[in-house]
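Undergrad: Below is one structure. I have some questions about it.
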Amino acid sequence: MGLGNPGTEYEGTRHNAGFMAVDQLARLLGRFSGWTRQGVMLRGKGRAERHEVALAKPQTYMNRSGTAVGALLSEGWLPSELLVICDDVYLPLGAIRLRPAGGTGGHQGLESIVAEIGTSEFARLRIGVGPGPGSAELPDYVLAPFTAEERARLPELLEAAAGAAFDAAATGVHQAMNRWNRYGLDPVEE
């Protein structure tokens with residue numbers, strides 16, 4: 001599930017990095033079905049190697065993302081089968097971090113999910129959009145569009161995030177962590 005805010009006014013904002021990564025993941029999947037509206041989310045499905053993958057983008061606002069996750073779990077999905085993709089202002093732009101579970105880090109979308117389902121035992125892929133400003137300016141920062149310089153770096157970052165999500169679905173979160181968790185943090189060796 002990629003987190004973001006619906007509506008054209010939020011397209012291209014830092015808070016919608018999860019939506020952008022899920023859109024990129026859809027392009028990597030085999031036999032992607034396309035997006036359809038189902039209740040409080042857009043849904044699609046495809047294949048990551050031999051595994052069927054369901055994609056979702058909540059159509060609630062970020063701070064109500066838990067509503068969509070609750071709807072998925074009511075269909076019989078388990079929290080352990082969930083990978084939530086979201087922005088992270090505490091990671092530098094260009095870095096990604098995959099974890100099998102963990103805290104919310106103050107992210108309102110993750111907080112909504114934990115409050116709705118009563119557990120933080122689900123995988124998450126954080127996409128670095130930082131460094132963010134102090135907490136008072138944080139809402140304006142995440143709801144602002146990426147700068148021109150940041151937009152130039154987005155295709156590579158979103159490709160990496162989609163690759164990490166694909167690998168998590170195809171081979172498991174721990175194996176994908178081994179491959180992707182240093183992405184964007186180490187200097188490139190030539």
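Undergrad: Given the stretch 50-190, what percent of its DSSP beta bridges are antiparallel, to the nearest 5?
TA: The antiparallel fraction comes to roughly 35 percent.
Undergrad: Turning to a different aspect of this structure: Using helices alone, I'd like the mean residue ellipticity at 222 nm for the chain: each DSSP H run of four-plus residues gives -39500 (n - 2.57), total over residue count, nearest 500.
TA: Values: 6 runs with 69 residues, N = 190.
Dividing the helical sum by the residues of the chain leaves -11000 deg cm²/dmol.
Undergrad: Related question: Under 18 Å from the 7 Å Cα→Cβ point of Glu11, by amide nitrogen: which residues of the stretch 41-55?
TA: 42-43, by backbone N distance to the label point.
Undergrad: Given a Förster distance of 30 Å, report the FRET efficiency between Arg47 and Ala115 from their Cβ-Cβ distance, rounded to the nearest 0.05.
TA: Details: r = 32 Å, r/R0 = 1.08.
It comes out at approximately 0.40.
Undergrad: Okay, next question. Once amide H atoms are built 1.01 Å from N in the peptide plane, which residues 5 or more positions from Gly94, or in another chain, come under 5 Å H to H?
TA: Gly128
Undergrad: Same structure again: About the Cα centre of the stretch 135-187, what is the dipole size in debye to 20, counting +1 per Lys and Arg Cβ and -1 per Asp and Glu Cβ, all else neutral?
TA: Details: 4 positive and 8 negative charges, 46 e Å.
The dipole magnitude comes to about 220 debye.
Undergrad: In sequence order, what are the phi-derived ³J(HN,Hα) couplings for the stretch 47-56 according to the Karplus relation 6.51 cos²θ - 1.76 cosθ + 1.60 with θ = phi - 60°, rounded to whole Hz, with x for glycine and proline?
TA: Once rounded to whole Hz, the list reads 10, 10, 6, 8, 9, 6, 10, 9, 10, 8.
Undergrad: State the answer as a single residue: which of Leu29, Tyr141, His107 lies farthest towards the positive end of the charge dipole of the stretch 8-180, with beta carbon charges of +1 for Lys and Arg and -1 for Asp and Glu, about the Cα centre.
TA: Positive-most Cα among the choices belongs to Leu29.
Undergrad: Using the membrane-span-like helix rule (whole DSSP H runs, Cα extent along the own axis of at least 24 Å, mean Kyte-Doolittle hydropathy at least -1.0), which helices of the chain qualify?
TA: Values: long enough: 148-171 (35 Å, 0.12).
Span-like helices here: 148-171.
Undergrad: Give the long-range amide H neighbours of Trp35: residues separated by 5 or more places, or on another chain, with amide H under 5 Å away, using H modelled in the peptide plane at 1.01 Å from N.
TA: Those lying under 5 Å, H to H, from Trp35: there are none.
Undergrad: For the pair Glu150/Ser74, report the inter-label distance in nm, with labels modelled 7 Å from Cα in the Cβ direction.
TA: About 3.4 nm separates the two model spin labels.
Undergrad: Once amide H atoms are placed 1.01 Å from N in the peptide plane, what residues at a sequence separation of 5 or more from Ala101, or on another chain, have their amide H within under 5 Å of its amide H?
TA: It is Arg124, by chain and number.
Undergrad: Now for a separate question. Sort the stretch 120-163 into rounded, prolate or oblate with this rule: let a ≥ b ≥ c be the square roots of the eigenvalues of the Cα gyration tensor; rounded if a/c is under 1.5, and if a/c is not under 1.5, prolate when a/b is larger than b/c, oblate otherwise.
TA: Note, shape of the stretch 120-163 comes out oblate.
Undergrad: A further question follows. Let me spell out the model: positive unit charges on the Cβ of Lys and Arg, negative unit charges on the Cβ of Asp and Glu, origin at the Cα centre of the chain. What dipole size does that give, in debye rounded to 20? If you can, show how the numbers build up before the last one.
TA: Numbers: 18 positive and 22 negative charges, 119 e Å.
The calculation lands at about 580 debye.
Read the figures in this text as sums done on the coordinates, not as results from a lab. Just so it is clear, the model here is predicted, and its values are computed rather than measured. Here the Cβ is made from the backbone with ideal geometry for all residues, glycine too, and neighbour counts use every protein chain on show.
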